[in-house]
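Worksheet: one structure, shown below.
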Amino acid sequence: MTLIRQDDLIESIADALQFISYYHPVDFLKAMGEAWEREQSPQAKDALAQILVNSRLCAEGHRPICQDTGMVVVFLKIGMELRWDCRLSLADMIDEGVRQAYTRPDNILRFSMVADPLGQRRNTGDNTPAIVHSELVPGDRLEIKLAAKGCGSENKSRFSILNPSDSLVDWVVGQVPTMGAGWCPPGMLGIGVGGTAEKALLLAKESLMQPIDIQELRARGPRDRREELRLEIYDQVNALGIGAQGLGGLTTLLDVKISDFPTHAASLPVGMIPNCAATRHIEFTLDGSGPARFTPPRSEDWPAVTWQAAPDTRRVDLDRLTREEIAQWRAGEQLLLNGRLLTGRDAAHRRIAELLARGEPLPEGVDFHGRFIYYVGPVDPVGDEVVGPAGPTTASRMDRYTQMMLGELGLYGMIGKSERGPETIDSIREHRAAYLIAVGGAAYLVAKAIRSARILAFEELGMEAIREFEVVDFPVTVAVDSQGNSIHQTGPALWRSRIGKILVVTE
């Protein structure tokens, strides 16, 4: 009879989380490489190159692929013939593995979990607890599926109860544009159909653990209606032209997964959850022989892709920037930023708003006049790093504060990822400001442009504190220019029309 030891499970969970923090799955690398090769949109191809180069750098440096190192989600299949040698509960053993993984000194991961979600939202300090789903099954093995799920994609989850006669394809194709670019496409859609409301979403989440194989499916042909739907959704969503980072392009989806379960005759529950460009998951089995061991990808598993800024990329001196210079930028243009850059995200903006509402001054040393703010919550540095991986967070969460920042505080502009809402675009136009984006999924590559970092205010907020970065050739794209033109509107529209013509030519 198999005996599962407490230390073996804890060590396996910890090692697996470290492993997926810096190694992409090989199937993802292959799919991304193929997407890069066929991409025709210059902005999207540049973003894909940054993501792939970032992936290789993270594998070599054993540092996180994305600054959002995720919520830990675990699916367990527990053999009913197992015996346990442990003092802790199953959930506590998994949490101890999470704690050890996220606090490992040579590769500290970001703590993102907060307790009292409707109140103080206090960071738990070690990224626990994990979200655990378990099932008792025949046998004497412990099968584990584990993922670190970032919230840029998780926040774009969708659920609906359709009528049995409704079209799943139409629902998905209608929902994807409403998700914006905050889920960092290209990625994968997990779709769960049937059961009850919670079952559909659980099916969707677990389906994201499956390998990318849509091209193999297309080559052999579908065997059932579910596989037919996968291909239909894949083709129709990619025809939307959303593209990498929402910039417009040929590839929005790398794959579509559909899992189903019997349901009530009067119902069709559907859950949909996207996976982002920081896809992190792994499966392993414990059989009582010791902790799990993991084999890294080979160097040849990474596509032979390099990245460097185009020769005509505009260099910007942030310390001498004027509104007249900003007025020359155009949506879709690529820039290299140099100089001092402030940071801050949700919690910092809320603190600033509270201070202004009480008529109190900003913290000493914090002045937004004529500055740019970067929406980022970086990983803590290790070794000689000045900052850990520091990719952008979803900018739309800060939309409610934009008028305050641009109007009352004199900010020149913002850097984040994904689109901005119509009121925010109006505010950018009114104040002759600009919104820039960095590539989500290229956090370690971006961090190498940051030469110094210091905390200015709200240190107790941890990764959400206000910092000042000194940057050299920090790569960004103009997403909304001073005239209110948005690449997230014009880019997909352009490529949607071009994809239609490409399909006509190739048919």
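Just so you know, all these numbers are worked out from the coordinates, no wet-lab data involved. This is a predicted model, so every value here is computed, not measured. Note that each Cβ is placed from the backbone with ideal geometry, even for glycine, and that neighbours are counted across all protein chains shown.
Determine the shape class of region 165-299: with a ≥ b ≥ c the square roots of the Cα gyration tensor eigenvalues, call it rounded for a/c under 1.5, and otherwise prolate if a/b is greater than b/c, oblate otherwise. Oblate is the answer for region 165-299, as a/c is 1.5 or above yet b/c matches or exceeds a/b.
Evaluate the charge dipole of region 3-286 about its Cα centre and quote only its size in Debye, nearest 20, assuming +1 on the Cβ of each Lys and Arg and -1 on the Cβ of each Asp and Glu. Here the size comes out at about 400 debye. At R0 = 22 Å, how high is the FRET efficiency between Glu81 and His133 if r is their beta carbon distance? Nearest 0.05 is fine. Efficiency for this residue pair is about 0.60. Using the rule -39500 (n - 2.57) for each DSSP H run of four or more residues, divided by the residues of the chain, the 222 nm mean residue ellipticity is -9500 deg cm²/dmol.
Farthest toward the positive end of the dipole of the chain, out of Ala353, Phe75, Leu201, is the Cα of Ala353, where the dipole comes from beta carbon charges about the Cα centre. Label region 77-197 by shape, choosing from rounded, prolate and oblate, from the square roots a ≥ b ≥ c of the eigenvalues of the Cα gyration tensor; if a/c is under 1.5 it is rounded, and otherwise prolate applies when a/b is larger than b/c, oblate when it is not. Oblate shape, in that a/c is at least 1.5 and b/c is the bigger or equal ratio. The loop-placed GluC sites (Glu not before Pro) in region 8-101, going by DSSP, that have at most 12 neighbouring Cβ atoms within 10 Å of their Cβ come out as Glu81.
Looking at region 278-353, the trypsin sites (Lys or Arg not before Pro) that sit in a DSSP loop and have at most 10 other Cβ atoms within 10 Å of their own Cβ are Arg293, Arg298. Against the chain, whose longest principal axis comes from its Cα atoms, helix 225-238 is set at around 10 degrees.
Angle, helix 26-38 long axis vs. longest principal axis of the chain, Cα atoms, 0 to 90°, nearest 10? Helix 26-38 sits at roughly 40 degrees to that axis. Placing unit charges on each Cβ (+1 for Lys and Arg, -1 for Asp and Glu) gives the chain a dipole about its Cα centre, and among Pro297, Leu321, Ala31 the Cα reaching farthest toward its positive end belongs to Leu321. Which translational diffusion coefficient, to the nearest whole µm²/s, is obtained for region 3-286 from the Stokes-Einstein equation, given a Kirkwood hydrodynamic radius over C-alpha pairs, 25 °C and 0.890 mPa s? D, rounded to a whole number, is 124 µm²/s. Sparse packing (at most 16 other Cβ atoms within 10 Å of the Cβ) combined with a DSSP loop state is found for the following GluC sites (Glu not before Pro) in region 354-412: Glu364. Using only side-chain charges placed at the Cβ, +1 for Lys and Arg and -1 for Asp and Glu, the dipole size of region 383-455 relative to its Cα centre rounds to 160 debye. Distance from the alpha carbon centroid of region 2-21 to that of region 200-274 works out to 31 angstrom. Using equal-weight Cα scatterers in the Debye expression, the normalised intensity of region 314-491 in log10 at q = 0.11, 0.14 Å⁻¹ is -0.41, -0.68.
Principal-axis analysis of the Cα atoms of the chain puts helix 197-207 at an angle of about 90° to the longest axis. A rounded overall shape is assigned to region 165-231, the ratio a/c of its alpha-carbon gyration tensor axes (a ≥ b ≥ c) being less than 1.5.
For the chain, the mean projected area of the C-alpha convex hull, equal to one quarter of the hull surface, is 25.3 nm². If the only charges are +1 at each Lys and Arg Cβ and -1 at each Asp and Glu Cβ, what is the size of the charge dipole of region 314-491 around the Cα centre, to the nearest 20 debye? Charge dipole of region 314-491: 340 debye, to the nearest 20. Stretching Ser267 away from Arg5 to a fully extended chain increases their span by 90.0 nm, per 0.36 nm per residue minus the current alpha-carbon distance.
Isolated cysteines in the chain, defined as those with no second cysteine Cβ under 4.7 Å, comprise Cys58, Cys66, Cys86, Cys151.
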